[in-house]
Amino acid sequence: MQKHGSSNSSNWKLRFIKDPPAVMLILFAVLSLSVFTGIYDKQTSFPEYVGKDLNEEEMAEVIERNSPLTSYVHLSPNADFPRDSAIQKITIHHMGANLTLERLGESFSKRDRGASSNYGIDVDGNIALYVEEADRAWTSSSPENDNMAVTIEVANESTGGDWPVSDSSFESLIELCTDICLRNGIDELVYTGDADGNLTIHKMFSQNTDCPGPYLESRMEEIAEMVNENIKNHGERSYTPAGN
Ligand SMILES: [Zn+2]
């Protein structure tokens with residue numbers, strides 16, 4: 001079968017080369033397809049840089065509109081461009097795994113996964129941006145929440161148990177939350193244990209998840225306190241917002 005198939009294909013190639021009209025026809029078809037795809041692309045168009053591998057310069061340009069703490073950018077198509085509410089909340093998630101920032105970006109780049117977050121933090125405390133703050137990420141099983149929230153995925157130091165995160169990740173989480181609050185005019189983070197507060201967690205919006213896991217959940221009040229302390233200290237030093 002194999003042999004028969006390959007001799008068939010070389011016959012076909014031979015005929016193809018000998019037949020200029022066929023070559024023209026195929027070229028024409030490829031050309032029309034690319035024009036058609038171009039039009040299609042425009043109709044379902046994403047903002048520039050979404051779904052693309054960015055060079056350092058392009059990443060820097062995107063970071064300028066978002067948290068300066070970001071060191072890696074891979075923009076996900078799984079988002080609404082732009083979000084439909086002003087930023088007034090932060091929602092914490094865990095990865096449910098210990099993924100690198102690149103690996104999480106890859107996962108969020110899959111359209112059929114239908115998931116994303118604004119930011120991700122790896123086990124060493126490095127911060128990635130996947131959905132710009134101006135846009136709504138698909139993270140918390142609640143469009144209403146995600147339209148108002150900046151969402152953050154934190155890597156787990158180990159999987160299972162109480163799903164801990166590393167001290168480095170935790171420190172970066174505090175820094176990132178502080179920065180988000182300061183640039184977006186959030187004066188205080190309030191954790192109420194339900195969706196009424198402006199510091200929320202994934203499991204408040206879905207019965208099908210324990211995200212962000214017992215470890216982070218047990219530290220939510222502490223996160224709010226630490227961020228609020230930082231906000232106060234910045235205020236005393238008359239912080240100038242870097243972004244909007
Ligand atoms: Zn989650």
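We did not get these values from a lab; they are worked out from the coordinates using the rules stated. Note that the structure is a prediction, hence the values are computed from the model and not measured. Cβ atoms come from the backbone with ideal geometry, glycine included; neighbour counts cover every protein chain shown.
Annotations for the structure displayed:
- A simple packing score, the average count of other Cβ atoms within 10 Å per residue, orders the peptides 105-115, 209-219 as 209-219, 105-115, with the highest score first.
- Neighbourhood charge, 13 Å Cβ-Cβ cut-off, centred on Gly185 and excluding it, Lys, Arg +1 and Asp, Glu -1: -2
- For the peptides 222-229, 137-144, 125-132, the ranking by mean Cβ contacts within 10 Å, running from highest to lowest, is 125-132, 137-144, 222-229.
- Summing +1 for each Lys or Arg and -1 for each Asp or Glu among the other residues whose beta-carbon sits under 12 angstrom from that of Met220 gives -3.
- Highest to lowest packing among 166-175, 62-71, scored as the average C-beta count within 10 Å: 166-175, 62-71
- Normalised by residue number, the volume inside the convex hull of the Cα atoms of region 56-236 is 107 Å³ per residue.
- Pairwise centroid distance, computed over Cα atoms, of region 76-91 with region 124-161, Å: 10 Å
- Taking region 53-89 and a reference point 7 angstrom along Cα→Cβ of Glu188, the backbone N atoms nearer than 16 Å belong to 89.
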